[in-house]
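Colleague: So that we are looking at the same thing, I have put the structure below in structure tokens.
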Amino acid sequence: MLRLEETMLNWLRRWGRRLRVLSDRGKARGEMDEEMRFHLEMEVEELVGRGMDPDEAYRQARVRFGGIERFKQEAREAQGIRPIEDLLQDLRYALRGLRRAPGYAAAAVVTLALGIGANTAIFSVVDGVLLKPLPYAEPERLVQIFEQNSPLNRWPLSVADFQAIEEQQRSFQNLSGLARGRAILTGGEQPERVRVGRVTRGRAILTGGEQPERVRVGRVTADWFNTLGVHPSEGRGFRPGEDLPDAERVAVISHTFRERHFGLEADVVGKTLVLDGQSHTVVGVLPRGVETMAGWRAEVWPVLQLQPPTRRGPFFIQAVARLRSGVSQQDAAREMARVSERIFPVWADSFQDREARLTPFPLRDIMVGNVGGGLLLLFGAVGFVLLIALANVANLSLARATTREREVA
């Protein structure tokens with residue numbers, strides 16, 4: 001640690017000296033000229049003392065001393081400022097050239113700006129979508145499970161599928177579900193089927209305030225937050241069993257929702273929200289910035305309580321699972337195929353697609369979808385645009401250089 005600090009201090013001192021020399025280059029050059037002149041005069045004085053004619057002594061001193069400019073160049077290199085001086089000189093020359101030809105300068109700047117700007121913008125999108133990992137713990141272990149009967153046809157799970165996986169699987173450390181189509185909610189006098197997700201665009205009616213309002217909701221099973229590795233910053237997540245029928249209805253809210261409805265100072269854990277006429281107790285608040293999980297954006301995350309199914313359908317559950325350590329996606333796929341074969345006879349009366357199989361896919365691939373190939377193609381296209389821009393600027397430079405043909409020759 002001490003050696004590292006010493007190295008940093010020495011580096012800062014060197015660059016401090018270089019900057020001081022650059023800030024007062026006139027004085028430094030005067031001192032260097034004075035030193036060279038002193039050495040030359042000492043040599044002339046010695047030769048004159050030996051009886052040589054002063055003019056001849058000066059000539060001989062210059063011969064013995066060698067090229068003065070060479071020594072000046074070596075001194076500047078020893079100071080470590082020559083690369084910086086060369087850069088500044090090139091910049092001054094370039095600015096003078098651009099000032100003499102403003103039309104050429106404007107065309108070159110605009111052409112390069114378009115090429116570089118387009119590449120920067122597209123790379124930012126590619127980096128955010130394709131290169132950066134998902135914002136979850138160990139995202140490579142996250143998968144989403146679908147029903148699939150062909151490479152081009154897949155759909156969400158039903159309650160029967162989800163509960164069969166819960167009971168029979170050994171490949172997943174965590175398994176959770178998000179209601180995307182319709183859900184059967186319990187806890188009242190009669191089970192109630194309410195539409196969520198695509199039908200209502202993931203919204204519920206929040207009452208209890210001055211005016212009812214629509215809020216974005218994501219109805220999820222109890223293990224949702226553990227599966228994704230996202231934990232509330234206040235309170236807690238869902239506990240096992242809170243997604244069972246007749247359990248207390250609870251909800252986790254986003255930080256933005258908490259700030260808008262309760263304020264930052266209020267203690268919101270234990271507060272009650274009335275969503276679609278049903279009371280939910282707030283048990284946790286998500287960290288700031290967590291608004292979207294597994295591609296679903298919501299302000300309130302109520303627990304999803306499912307009735308035992310009476311048929312294999314409807315299909316509305318987005319199932320997200322975390323693979324156990326050491327279990328591959330292929331291992332999970334083989335196990336899901338066996339689960340599919342076992343549950344088909346149970347629900348054959350309400351589901352007759354014998355070819356359908358429960359199939360896991362990497363969550364990242366599902367979230368990116370077909371966008372990845374299109375983005376890479378677009379990135380390649382704007383890369384060619386940049387090459388064309390560089391070629392155009394090079395042609396402009398060559399055309400401008402022809403006006404100095406005689407000078408260069």
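The values are calculated or read from the model by the stated rules, or taken from the named source; none is laboratory data. From a predicted model like this one, the values you see are computed outputs, not experimental measurements. Here the Cβ positions follow ideal geometry from the backbone for every residue, glycine too, while neighbour counts run over all protein chains shown. The accessibility values were calculated without ligands, DNA or RNA, using every heavy atom of the protein model including side chains. Shrake-Rupley method; radii C 1.70, N 1.55, O 1.52, S 1.80 Å.
Colleague: Rounded to the nearest 20 debye, what is the charge dipole size of the range 274-333 about its Cα centre when +1 sits on each Lys and Arg Cβ and -1 on each Asp and Glu Cβ?
Modeller: Here the range 274-333 has a charge dipole of around 200 debye.
Colleague: Semi-axes of the range 203-262's equivalent ellipsoid from the Cα gyration tensor, sqrt of 5 times each eigenvalue, largest first, rounded to whole Å?
Modeller: Gyration-tensor ellipsoid for the range 203-262: 22, 15, 10 Å.
Colleague: Which one, Val393, Pro360, Ala348, is farthest towards the positive end of the dipole of the range 328-401 when Lys and Arg carry +1 and Asp and Glu -1 on their Cβ?
Modeller: Ranked along the dipole, the leading option is Val393.
Colleague: Moving to a separate point now. Counting only the heavy atoms of the protein chains, how much of Asp276 is accessible to a 1.4 Å probe, in Å² to the nearest 10?
Modeller: Probe radius 1.4 Å; accessible area of Asp276 about 60 Å².
Colleague: So how strong a dipole does the range 199-265 carry about its Cα centre when Lys and Arg Cβ are +1 and Asp and Glu Cβ are -1, to the nearest 20 debye?
Modeller: Dipole about the Cα centre, nearest 20: 320 debye.
Colleague: Summing Lys, Arg as +1 and Asp, Glu as -1, what charge do residues with Cβ under 14 Å from the Cβ of Trp224 carry, Trp224 excluded?
Modeller: With Lys, Arg at +1 and Asp, Glu at -1, the net is +1.
Colleague: Ranked from the most accessible area to the least, with a 1.4 Å probe and all protein chains present, what is the order of Lys271, Lys132?
Modeller: If we order Lys271, Lys132 from most to least accessible, we get Lys132, Lys271.
Colleague: Between Arg297 and Phe361, what is the spin-label point distance in nm, taking each point 7 Å from the Cα along the Cα→C-beta axis?
Modeller: According to this spin-label approximation, the distance is 2.2 nm.
Colleague: Keeping every protein chain in place, order Ser279, Ser158 by accessible area at 1.4 Å, biggest value first, i.e. largest first.
Modeller: Descending accessible area places them as Ser279, Ser158.
Colleague: Let me cross-check Thr310: its accessible surface, 1.4 Å probe, with only protein heavy atoms counted, in Å² to the nearest 10?
Modeller: In the full protein context, Thr310 sits at about 130 Å².
Colleague: Keeping all protein chains in the complex and leaving out DNA, RNA and ligands, what accessible area do you get for Arg354 with a 1.4 Å probe, in Å² to the nearest 10?
Modeller: Rounded to the nearest 10, that gives 150 Å².
Colleague: With θ taken as phi - 60° and the coefficients 6.51, -1.76 and 1.60, list the Karplus ³J(HN,Hα) couplings across the range 376-381 in order, rounded to whole Hz; mark glycine and proline as x.
Modeller: Taking θ as phi minus 60°, the curve returns 5, 4, 5, 5, x, 5 Hz for the range 376-381.
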